[in-house]
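Chemist: Structure below; questions to follow.
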Amino acid sequence: MSTYAIGDIQGCYTELQHLLELIHFNPQQDVLWCTGDLVNRGPNSLEVLRFFKELKERAIVVLGNHDMHLLVIAYSHIEYLKPRDTLIPILEAPDREELLAWLRCRPFLHHDADLGFTLIHAGLPPQWDLLQARQRAAEIEETLRGSQYQKYLTHLYGNEPKKWSNKLTGWNRLRFITNCFTRLRYCNAKGHLDMKKKGIPELQKKQNSEAQPWFLLSNRASRDMKIIFGHWSTLGYYANNGVYALDTGCLWGGALTALRLEDKQVFTLPCAGERLPGDE
């Protein structure tokens, strides 16, 4: 049995199937992890959702910002549907409610103690170690799966608050936690999130308080973890400082990447999309 972690798919079903052929994925024996963003912008989001749902316990998927965007549109703010979103086939599918219910029950963090890897979509603030990250993920998972999920989705969007505090309560607390797991790229050593900064990072550690990639902060409590994440297509494949970044921009003409966790072998499938500026 092998465990493969794959970066953001975003509706690129054909490329996903080609990558699975490349790695000889066997759904009877192997397990497939995904960093989230199963849907949106690509042409076949509905097929990707159905595929992962049908894998059942052979698939581990964490929620990404595009997955959350789908849930927001479906349950609270249809007006947030953007011209370049490709979510209508899901919203009009006969199995829409089954797919959305399945998506709502995906985790924001998955940790495998035997393999020693933790899977998230975006990032962790410097204050959180593994235990704290798991506790925070459990808070928003419980809310998204519970009776208040529509209210949660209604209050989801926004960049405030920018810094973690145990004193945070209510929607501000849940929004901050969600932003970390699904949107974080940059923050400073004090834990202030910079949600507007998205570009190609300088992959060198800095000692000042300037915002930098969250995984380069020398004071982060998660530095002893092995973390797999996606969300950052301009970063590309990156394996250093205890993290493995797997979003290699399949949707934008980059590649779809898989990492076999047992031996850390990397598999790459070149893709034929076209990058458009300003997308994430």
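The values are calculated or read from the model by the stated rules, or taken from the named source; none is laboratory data. These figures come from a predicted structure and were not determined experimentally. No Cβ is skipped: glycine too gets one built from the backbone with ideal geometry, and neighbour counts run over all protein chains shown.
Chemist: Restricting attention to the stretch 49-85, and to residues there that are more than 18 Å from the chain's Cα centre (by Cα) and in a loop (DSSP other than H, G, I, E, B), which single residue is surrounded by the most Cβ atoms within 10 Å (Cβ to Cβ)?
Modeler: Among them, the one singled out is Ser76.
Chemist: Could you run through the stretch 3-28 and say how many residues are assigned to a strand (DSSP E or B) and polar (S, T, N, Q)?
Modeler: First pass over the stretch 3-28, keeping only residues assigned to a strand (DSSP E or B): 3-6.
With the extra rule that they be polar (S, T, N, Q), the set shrinks to 3.
Count: 1.
Chemist: Of the conditions (1) modelled with pLDDT under 95; (2) among the aliphatic types (A, V, I, L, M); (3) within 18 Å of the chain's Cα centre (by Cα), Ala211 fails just one. Which one is it?
Modeler: Among (1) modelled with pLDDT under 95; (2) among the aliphatic types (A, V, I, L, M); (3) within 18 Å of the chain's Cα centre (by Cα), Ala211 violates only (3).
Chemist: Do we find a residue being surrounded by 15 or more Cβ atoms within 10 Å (Cβ to Cβ) and part of a loop (DSSP other than H, G, I, E, B) anywhere in the stretch 138-148?
Modeler: no
Chemist: Only one of these is of a type in the set (D, E, K, R), more than 30 Å from Gly146 (Cα to Cα), at pLDDT below 90 and not in a helix (DSSP H, G or I): Lys198, Lys190. Name it.
Modeler: Step by step, each of Lys198, Lys190 is checked, and only Lys198 is of a type in the set (D, E, K, R), more than 30 Å from Gly146 (Cα to Cα), at pLDDT below 90 and not in a helix (DSSP H, G or I).
Chemist: Whether any residue in the stretch 142-150 is within 17 Å of the chain's Cα centre (by Cα) and either closer than 25 Å to Ser222 by Cβ or of a type in the set (Ser, Thr, Tyr) (or both) is what I want to check.
Modeler: Looking for residues that are within 17 Å of the chain's Cα centre (by Cα) and either closer than 25 Å to Ser222 by Cβ or of a type in the set (Ser, Thr, Tyr) (or both), one finds at least one in the stretch 142-150, hence yes.
Chemist: Oh, and also: Taking the condition of being buried (at least 22 other Cβ atoms within 10 Å of the Cβ) and part of a helix (DSSP H, G or I), how many residues in the stretch 34-47 meet it? Write out each step before concluding.
Modeler: Quick first cut of the stretch 34-47, residues buried (at least 22 other Cβ atoms within 10 Å of the Cβ) only: 34-42, 45-46.
Next cut, part of a helix (DSSP H, G or I) only: 45-46.
Here the count works out to 2.
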